[in-house]
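Beneath this line is the structure, given in structure tokens, with notes to follow.
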Amino acid sequence: MGTSFGNMHVMTDNLDDVLEALTSLLEDKEQPVIPAGNLDGFESLLAVAYRGRNIFYLGQLQRGFVSILNDYFDWGEVEAVGEELSSYIQAPVMTISYFDDGVFTMTIYSNGEEVTGQVWCTEGARFDYELEDKKADISVLTEYLGHQHFDRLNEIMAMSDCEKAVEALQELLQIPLWIKSDWFDDIQDPELEGKYAKYDLNR
């Protein structure tokens, strides 16, 4: 198994709106009952995992984006959360995920629905994971990411190397896409880590 990560970016300058939307989303979810007191073994692991899913790291590293990290944002997981979050906030949500050194997915959601997205993957990964050949609509993509980026976005969408596509999109948007919150200890970039604030939304 190779690298797997996911992150999310809300297209707004208002961090408070993002925090409010995340809080509302979690309040509407049915929450498991965590027994009080000291927990042992498997119950303790479940409690830690559950609480970790409600801890987010929010950062504003570039104008027009609020980035959201979570230890449990992985391929498939981050898309589900992003789609749901987009119905709680009046701003588009972009999710990024990378899996097994061969699959890179970018998806944009608005009002609880996917508006466009693309999957970059090797032919081997496409066969192994039965992936569709998904290409972003460039006119829709530039509407959200900027018409001035039309040519460069076309180049990125035509790339066949997943890792290069992630890096190129990261360079274009000037926001970190190759990142996950549980990597902070290994990133060794205190300036980058310092741009994120931790929010524990457990009730």
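Within the range 61-77, residues that are over 14 Å from residue 94 (Cβ atoms) sit with their Cβ atoms under 7 Å from residues that are crowded, with 19+ Cβ neighbours inside 10 Å and among the small types (Gly, Ala, Ser), at 6+ positions apart or across chains, in these pairs: 70/181; 71/181; 74/6; 74/97; 75/6; 75/97; 77/6.
Confirm whether residue 104 is in contact with a Cys (Cβ under 6 Å, 6 or more places away or on another chain), open to solvent by less than 30 Å² (accessible area, probe 1.4 Å) and either part of a strand (DSSP E or B) or at negative phi (or both). The answer is yes for residue 104. In this structure, residue 24 does not qualify as at pLDDT below 95, open to solvent by less than 50 Å² (accessible area, probe 1.4 Å) and assigned to a helix (DSSP H, G or I).
Every residue, every condition in (1) under 20 Å from residue 73 (Cβ atoms); (2) at pLDDT below 95; (3) open to solvent by 40 Å² or more (accessible area, probe 1.4 Å), yes or no:
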| site | (1), (2), (3) |
| --- | --- |
| 138 | no, no, no |
| 147 | no, no, yes |
| 166 | yes, yes, no |
| 185 | yes, yes, yes |
| 192 | yes, yes, no |
| 195 | yes, yes, yes |
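Against the conditions (1) more than 29 Å from residue 136 (Cα to Cα); (2) surrounded by 12 or more Cβ atoms within 10 Å (Cβ to Cβ), residue 180 satisfies every one except (1). Of all the residues in the range 52-90, those that are open to solvent by 50 Å² or more (accessible area, probe 1.4 Å), over 18 Å from residue 14 (Cβ atoms) and either at pLDDT 95 or above or assigned to a strand (DSSP E or B) (or both) number 3.
The values are calculated or read from the model by the stated rules, or taken from the named source; none is laboratory data. All values derive from a computational prediction rather than experimental measurement. Because the Cβ atoms are built from the backbone with ideal geometry, glycine has one as well, and the counts that use them run over all protein chains shown. Side chains included, ligands, DNA and RNA excluded: accessible areas come from the protein's heavy atoms. Shrake-Rupley method; radii C 1.70, N 1.55, O 1.52, S 1.80 Å.
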